[in-house]
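Reviewing the structure listed below.
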Amino acid sequence: MSTLEIKNLQVAVSTDEGMKQILRGVDLTIKSGETHAIMGPNGSGKSTLAYSIAGHPKYTITGGSVLLDGVDVLEMRVDERAKAGLFLAMQYPVEVPGVSVSNFLRTAATAIRGEAPKVRTWVGEVKEAMASLNMDPAFAERNVNEGFSGGEKKRHEILQMELLKPKIAILDETDSGLDVDALRIVSEGVNRVKDSHNIGIMLITHYTRILRYIKPDFVHVFAAGRIVEEGGAELAEKLEEKGYAEYVTA
Amino acid sequence: MVLNSNLLESHTPTSREELWRFTPLAKLRGLHDLEVSLSSRVSLGASVEQPGLSVEIVDASKAPSTSSTNDLVSMRVRELSSKVLIVDIAQNAEIATPIYLTRTVESLDPEVSRTVIHLGANSRATVVVENTGSITLAEEIVITLDSGANLNFVSLQEWESDAVHLGHHHAIIGRDATFTSTVITLGGSLVRLLPTVEYAGPGASAELSGIYFATSGQHLEHRIHVDHNLPHAKSRVNYKGALSGDKARTVWFGDVFIRANAEGTDTYEVNRNLLLSDGARADSVPNLEIETGEIVGAGHASTTGRFDDEQLFYLESRGIPANIARQLVIRGFFLEIVSKLGLPQIEERIMTRIEAELEKASS
Ligand SMILES: Nc1ncnc2c1ncn2[C@@H]1O[C@H](COP(=O)(O)OP(=O)(O)OP(=O)(O)O)[C@@H](O)[C@H]1O
Ligand SMILES: [Mg+2]
């Protein structure tokens, strides 16, 4: 049983005009087995929340805390956060030229598991995970995200989640860029990992479509750097219908 | 057309001259200095005999240089070399095993060496020049590809840290011939190489790649010159360098010249430099001169920068520690070129050396 506690989190980015406050006190607790959907207008700070938890150097924490099972995440290095059990499926996965997917996955698995996976079982494990996400095995020999289509990048993110088996996963718009079939396949992948390892999920999305496959226990409305409303799955339907007008002060 | 001057008169270059202004002349041990005498020695040798391959040493008078490209030091090399190593591949010969030309070293006294490599029509070979040890060397290698020939040429500079090497590799590429050159410069105190190309027939193609890694106090300079002197020839230039440590210094020039008659030219050149620490300096100057618009394409790119933070973050966010993430990125940076050598053992050796340099640099 794991718990990610985000308390009054405040985050700024440095701009040419000085520091700009993006997150203005985010409170959210995610437990193993729970799925929390986060929905909110463009630019409201959803990715900022995701990146700040993962430790992207661009963001400055100006207040609040993030605890994983009581341990201060904000004090950890980026790789330590991953080892502690956090995973971020990025909205825009990064291309890493010259580093093959297979080398990358193995290096990551070695780091997370604390020892190199046995070659025999590892190859099978990767093949199986790729097959279940409908990924051509040829991707293993390609460079990380290089030349991948938008949807292929997203599948590759979930492939990593399957192999690294985090405690808490943050999925930042994993559904955008996926065709209807891919959406189902990727969602099934997420559910598979979730069910077999009882992980907690923060699912950032703009659409209710993915929520038909990955059922949220909670829906949070995010606006102007904080959570402004919370509810169950029905809240997502309402948002899809009515938009964010009532939460955004012009 | 900086390299190519018929008016070039033999003299001792100074750092006021454009071609020499980046080179620390004082470190050359007189290789450039007309007052200093240089000994002549054929320092390259081939070990294995193969059918279709002949290797011999002849009097320089029997093998005048056919290069149209000039350089003050190359002129001295031609003038002072008494013997020349000739590597000849018979027409239609397909030499399956790589031909290794290995450098022997004797002392740090300045010396000159000349090599001629000739591929007969429709022949095919891989030639690997292996430079190791300590030396003060000025050399010229002239490579001629007759029509339809295909040469994979590799020059490895894995010198000891006190070596000084001025080298000029000039290729003359015949009709429909393909010249692939990979220059790998990791060692040496001062290395200045001039990979230059001219064409002898349409359909000729040159692919010039290279990597270099300079650490503290090293000066590694590469000046590429491609002369599109006739129509329908192709060139691709791709050099990548990394620098780490105080006073690590690299210089890269890519001069591509498309003459008025060179319609149908297809050329692209790129140089990328990765600065791994403060105090290192990389100069990168791509230079494209175009005298005709009737071409397929011409372009260049040059970047010099630090690690891509987004790449490192991505790797680290998957649990990979920062130092290993950096290693992966640098390995990947160079692998793009090294993996195309088609020589697994050399590839492994080069990557191991790069990792050792990296470790040396970060400790
Ligand atoms: N370097 C920067 N300079 C100025 N503003 C920035 C900078 N970096 C981020 N921002 C701003 O921070 C805000 C939050 O961005 P973020 O990416 O977190 O939004 P988001 O909610 O994920 O949006 P989307 O739904 O479009 O993905 C945006 O308004 C963005 O423009
Ligand atoms: Mg976003």
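The values are calculated or read from the model by the stated rules, or taken from the named source; none is laboratory data. Since the model is a prediction, treat every value here as computed from it, not as a measurement. Cβ sites come from the backbone with ideal geometry, for glycine too, and all protein chains shown count toward neighbours. Ligands, DNA and RNA are excluded from the accessible area calculation, which covers all protein heavy atoms including side chains. Shrake-Rupley method; radii C 1.70, N 1.55, O 1.52, S 1.80 Å.
For chain B, with every protein chain kept in place, what is the accessible area per residue (1.4 Å probe, Å²)? Intermediate results must be reported in sequence, preceding the final value.
Values: 13710 Å² over 363 residues.
Heavy-atom SASA per residue in chain B reads 38 Å².
To check you understand DSSP bridge types, tell me what percent of the beta bridges within region B:1-134 (both residues inside) are antiparallel, rounded to 5. Let's see the in-between values first.
Values: 10 of 22 bridges.
Antiparallel bridges make up about 45 percent of those DSSP assigns within region B:1-134.
In square nanometres, what is one fourth of the surface area of the convex hull spanned by the alpha carbons of the protein assembly as shown? Show your work: numbers first, answer last.
Details: hull surface 128.3 nm².
Over all viewing directions, the protein assembly as shown projects a mean Cα-hull area of 32.1 nm².
For region B:254-275 and region A:182-238, compute the distance between their C-alpha centroids and round to whole Å.
The two parts, judged by their Cα centres, are 52 Å apart.
Would you mind getting me the FRET efficiency between B:SER54 and B:ALA121? Use the beta-carbon distance for r and R0 = 25 Å, nearest 0.05.
Working: r = 16 Å, r/R0 = 0.63.
Approximately 0.95, to the nearest 0.05.
Compute the signed sum of charges (Lys and Arg +1, Asp and Glu -1) over the other residues within less than 9 Å, Cβ to Cβ, of B:VAL55. Provide the component values of the computation, followed by the final result.
Numbers: positive: none; negative: B:GLU49, B:GLU56, B:ASP88.
Charge balance in the 9 Å sphere: -3.
Hey, in the GNM for chain A with a 10 angstrom Cα cutoff, which one of A:THR62, A:THR208, A:THR48 fluctuates hardest?
Evaluated over chain A, the most mobile residue of the options is A:THR62.
Report, largest value first, the span of the C-alpha coordinates of region B:280-360 along each principal axis, in whole Å.
52, 32, 26
Could you order the peptides B:186-199, B:113-126, B:86-99 from most to least packed, using the average number of other C-beta atoms within 10 Å per residue?
On the way: B:186-199: 24.8, B:113-126: 21.6, B:86-99: 16.6.
In decreasing order of mean packing, B:186-199, B:113-126, B:86-99 become B:186-199, B:113-126, B:86-99.
If only Cα atoms are counted, what is the Rg of region B:173-302, and what is its Dmax, in Å?
Over region B:173-302's Cα set, Rg and Dmax evaluate to 15.5, 46 Å.
Which of these, B:ASN261, B:ASN131, B:ASN229, has the largest mean-square fluctuation under a Gaussian network model of chain B (Cα springs below 10 Å)?
Sorting by GNM fluctuation, first place goes to B:ASN261.
Using the Cα atoms of region B:1-103 to build a convex hull, what is its mean projected area in square nanometres? Intermediate results must be reported in sequence, preceding the final value.
On the way: hull surface 35.0 nm².
Average projection, Cα convex hull of region B:1-103: 8.8 nm².
Mind scanning B:LYS62/B:LYS234; A:LYS118/A:LYS165; A:LYS118/B:LYS340 and naming the pairs with a C-alpha gap bigger than 21 Å?
Values: B:LYS62/B:LYS234 32 Å; A:LYS118/A:LYS165 17 Å; A:LYS118/B:LYS340 29 Å.
Pairs exceeding the cut-off: B:LYS62/B:LYS234; A:LYS118/B:LYS340.
Looking at region B:44-97 from every direction and averaging, what is the projected area of its Cα convex hull in nm²?
Working: hull surface 19.4 nm².
Result: a mean projected hull area of 4.8 nm².
Find, to one decimal place in angstroms, the Kirkwood hydrodynamic radius of region B:154-206, where the mean of 1/r is taken over every pair of different Cα atoms and then inverted.
On the way: mean 1/r = 0.0818 Å⁻¹.
Hydrodynamic radius (Kirkwood, Cα pairs) of region B:154-206 is 12.2 Å.
Count, for each residue of A:72-81, the Cβ atoms from other chains sitting within 10 Å of its Cβ, then give me the mean as a whole number. Let's see the in-between values first.
On the way: counts 0, 0, 0, 0, 0, 3, 12, 10, 3, 3.
Per residue, the number of nearby Cβ atoms from other chains is 3 on average.
Which whole-number percent gives the relative contact order of region B:208-312, counting Cα pairs below 8 Å spaced six or more residues apart?
Values: 292 pairs, mean separation 29.7, N = 105.
Reported as a whole number, the value is 28 percent.
If packing is taken as the average count of other Cβ atoms within 10 Å, what order do B:248-257, A:71-80, A:212-221 fall into, highest mean first? Write out the running numbers ahead of the final one.
Numbers: B:248-257: 23.5, A:71-80: 16.0, A:212-221: 18.6.
Going by the mean number of other Cβ atoms within 10 Å, highest first, we get B:248-257, A:212-221, A:71-80.
Which whole-number percentage describes the relative contact order of region B:8-160, with Cα contacts under 8 Å and a sequence gap of 6 or more? Numbers along the way, then the final one.
Working: 347 pairs, mean separation 36.0, N = 153.
Relative contact order comes out at 24 percent.
When Cβ neighbours within 10 Å are restricted to other protein chains, what is their mean count per residue of peptide B:304-316? Display every interim value, and only then the final one.
On the way: counts 0, 0, 0, 0, 4, 4, 8, 7, 4, 10, 14, 11, 12.
Mean shielding count: 6.
Report for chain B the percent antiparallel among DSSP-assigned beta bridges with both residues inside it, nearest 5. Write down the numbers at each step before the final one.
Values: 10 of 133 bridges.
About 10 percent, rounded to the nearest 5.
When each pair of different Cα atoms in chain B is counted once in the 1/r mean, what is the Kirkwood radius in angstroms, to one decimal?
Numbers: mean 1/r = 0.0481 Å⁻¹.
Radius from the Kirkwood sum: 20.8 Å.
Taking each residue in B:318-330, count the Cβ atoms of any other chain within 10 Å of its Cβ, then average. What number comes out? All intermediate terms of the calculation are to be shown ahead of the outcome.
Details: counts 17, 20, 10, 7, 3, 0, 5, 6, 0, 1, 8, 4, 1.
Mean partner-chain Cβ count within 10 Å for B:318-330: 6.
On the protein heavy atoms, probe 1.4 angstrom, tell me the percent of accessible surface of the protein assembly as shown carried by carbon and sulfur.
Numbers: 11980 of 24690 Å².
Of the solvent-accessible surface of the protein assembly as shown, carbon and sulfur hold 49 percent.
May I ask you to derive the relative contact order of chain B, considering only C-alpha pairs under 8 Å and at least 6 residues apart, and to give it as an integer percent?
Details: 995 pairs, mean separation 35.5, N = 363.
Relative contact order here is 10 percent.
Sorting check: for B:27-38, A:28-39, which peptide has the highest mean count of neighbouring beta carbons within 10 Å, and how do the rest follow? Intermediate values should be presented prior to the final figure.
Numbers: B:27-38: 16.3, A:28-39: 20.5.
Answer by packing, highest mean first, reads A:28-39, B:27-38.
Expressed as a whole number of Å, what is the distance separating the alpha-carbon centroids of region B:289-309 and region A:98-148?
34
From Cα coordinates alone, what are the radius of gyration and Dmax values for region A:64-218 in angstrom?
Gyration radius and largest Cα-Cα distance of region A:64-218: 15.2, 45 Å.
Counting only protein heavy atoms and rolling a 1.4 Å probe, how much accessible area do A and B lose on contact, total for both sides, in Å² to 100?
Details: alone 11860 and 14710 Å², together 24690 Å².
Interface between A and B: roughly 1900 Å².
What lysines sit close enough to B:LYS27 to cross-link, taking a C-alpha to C-alpha distance under 30 Å and skipping anything fewer than 8 places away on the same chain?
Candidates past the 8-residue exclusion: B:LYS83, B:LYS240, B:LYS247, B:LYS360.
Express as a percent, rounded to the nearest 5, the fraction of DSSP beta bridges in the protein assembly as shown (both residues included) that run antiparallel.
Working: 38 of 178 bridges.
Given both bridge residues lie in the protein assembly as shown, the antiparallel proportion sits at roughly 20 percent.
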